[in-house]
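Quick notes on the structure that follows.
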Amino acid sequence: MPGFLSIIYPYRPRQPAAESGPSRVGRIRFSARLPPTVRLFRHIHQDLMMVHDYNLLVSYERRYFHASRQEILRLLVEFGDPHPIVRRTIARGLMGVRTALRNTGVIGSLFTRFSQDAMSIRFTLKWTPIDLWCDATLESMKQSLAILKAEIKPGERWMMRVEKRRFTIYHRIDIIKELAELIDEKVDLKSPDKIVWVEIIGKQAGMKVLRPDEIFSLPKLRGY
């Protein structure tokens, strides 16, 4: 399908790279000597070039990156994934997560964990499931929504939420107008049955059709 980049496939644990002799060691040592700002730039450049395979996006307070990352790892291991992948994205305050667990199942586990111990979740702010990634072009996003819109059943009301990060090509309202034409069911901005979630990060867009209770928001739960 033209412009279509990736669909979330069942997770396969990554195999460690084979050692390749002195040249590999030399590269590691050289990278370790790089200043932090240069290492960060290299990370951002690699993130721009790669096809995202995250099935969760997690926002956090920027000053608590390390604590937030450890919190994500701890929770996912507790929920049953011993080897989750957690990366900083090019968008400030947003991490990409790849887990072997069903992403909406993780959201349900978060609500349960929070009800048991509210202080067990302190640094991560919002957890959003993502099912599909594509180019951040209107044509690719339309192709992706054509697949996902079957999640909106006849008679269900819906709304669309578009988040843009490091992306200035289209205005948010223009994206919503173009994509909304593909869905025949009625819109309800106050109490929708389903939300079409579009998360644009640089040149790629992550999408999912979800219920309102399939997003975990710590500020909302704590009333601020």
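FYI, it's all coordinate maths here, none of it is from the lab. Worth saying up front: this structure is predicted, and the values here are computed from it rather than measured. Neighbour counts are summed over all protein chains in view; Cβ atoms, including those assigned to glycine, are modelled from backbone coordinates with ideal geometry.
Distance between the modelled labels on GLU156 and ASP184, one decimal in nanometres: 1.6 nm (7 Å Cα→Cβ projection).
Could you give the length gained by full extension between ALA146 and ASP174, i.e. 0.36 nm per residue of separation minus their alpha carbon distance, to one decimal place? Working shown, then result.
Details: separation 28, 0.36 × 28 = 10.08 nm, distance 1.76 nm.
That pair, ALA146 and ASP174, stretches by 8.3 nm at full extension.
Judged by the mean number of other Cβ atoms found within 10 Å, the most tightly packed of the peptides 186-195, 170-179 leads the ranking 170-179, 186-195.
Find how much the distance from GLN70 to ALA100 grows on full extension, using 0.36 nm per residue of separation minus their present alpha carbon separation; answer in nm with one decimal.
Details: separation 30, 0.36 × 30 = 10.80 nm, distance 1.75 nm.
This chain segment gains 9.1 nm when fully extended.
A simple charge model with +1 on the Cβ of Lys and Arg, -1 on the Cβ of Asp and Glu and nothing else charged puts the dipole of the range 35-218 at about 740 debye relative to its Cα centre. The value obtained for the range 35-218, namely the Cα convex hull volume divided by the number of residues, is 126 Å³ per residue. Label-to-label distance, ARG166 versus GLU139, with points set 7 angstrom from Cα along the beta-carbon direction: 2.5 nm.
Spin-label model, HIS83/ASP117: points 7 Å from Cα along the beta carbon direction are separated by 2.7 nm.
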